[in-house]
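No lab work stands behind these numbers, since they all come straight from the coordinates. Just so you know, these numbers come straight off a predicted model, no measurement behind them. Cβ coordinates were reconstructed from backbone atoms using ideal geometry, including for glycine residues, and neighbour counts include every protein chain displayed.
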Amino acid sequence: METVKVLQVVGFKNSGKTTLVLDLLKQANDKGKSVSTIKRHGHDGELDMPQTETDSMRFFTEGANSSVVYGGGVIQLHQRKEQATLDELIVLTSLGHPDYIFIEGFKEARFEKVVLLRSADEWLQLQSLQHISLVITQEVIELDNIPVILQNDSKQLREWFTNWMDGDRNEGV
């Protein structure tokens, strides 16, 4: 498998993770890059599923371990697995041969991270994470050896992300 560059976006609930991933996704697409995403479902309960009337969902609800349907240039996969590791999810999403993989959540994973903070107090809980490359915060804080960008500074964030995209691929899988 060719090296794919991976970037994690982590933070507490409602810190702006999804908004940031969508922004980075748009920037990468604007540069002609392909991106796969992985998100940890942090809400209670099961995922919302497509309508059960489709043939592929009928197969799945009747007990198929996995159901794959293809049409219109899209592959849809539903698979049962009691526990899935991030590495397994990365293998699945790598089948699409993306230039980058963006991961939302999975705080303890080993990949390069952007940490989103709503307050300086949250830093006390997140500073022990590994491979932090950038902190985005709503208030000014000073950190040793880690760049900090204010959440509303889109120009500086675009510059950081452009440099990240152009950088080495040693941070990938």
Original post:
Among 82, 108, what is the fewest-to-most ranking by other Cβ atoms within 10 Å?
Top reply: 82, 108
**OP:** Treating each Cα of the stretch 74-134 as an identical point scatterer and ignoring solvent, apply the Debye formula and state log10 I(q)/I(0) at q = 0.18, 0.24 Å⁻¹.
**Re:** -0.80, -1.08
Subject >> Candidate values (i) 10, 41, 40, 9, 0; (ii) 10, 40, 36, 12, 3, 0; (iii) 9, 33, 33, 18, 7, 1, label of the one derived for P(r) over Cα pairs in 10 Å bins from 0, in percent >> reply: (iii)
Original post:
Given springs between every Cα pair under 10 Å in a Gaussian network model of the chain, which of 121, 30, 144 has the largest fluctuation?
Top reply: 144
**OP:** Report the residue, chosen from 81, 33, 17, that carries the largest GNM mean-square fluctuation when the chain is represented by alpha-carbon nodes joined by springs under 10 Å.
**Re:** 81
**OP:** Could you sort out which of 81/113; 26/81; 5/155; 31/155; 5/26; 31/107 sit more than 19 Å apart by Cα distance in this structure?
**Re:** 81/113; 26/81; 5/155; 31/107
**OP:** Sort the stretch 117-157 into rounded, prolate or oblate with this rule: let a ≥ b ≥ c be the square roots of the eigenvalues of the Cα gyration tensor; rounded if a/c is under 1.5, and if a/c is not under 1.5, prolate when a/b is larger than b/c, oblate otherwise.
**Re:** oblate
Original post:
Could you give the dipole magnitude of the chain about its Cα centre, charging the beta-carbon of Lys and Arg +1 and that of Asp and Glu -1, in debye to the nearest 20?
Top reply: 200 debye
Original post:
Using a Gaussian network model of the chain with C-alpha springs under 10 Å, which one of 162, 54, 19 is most mobile by mean-square fluctuation?
Top reply: 54
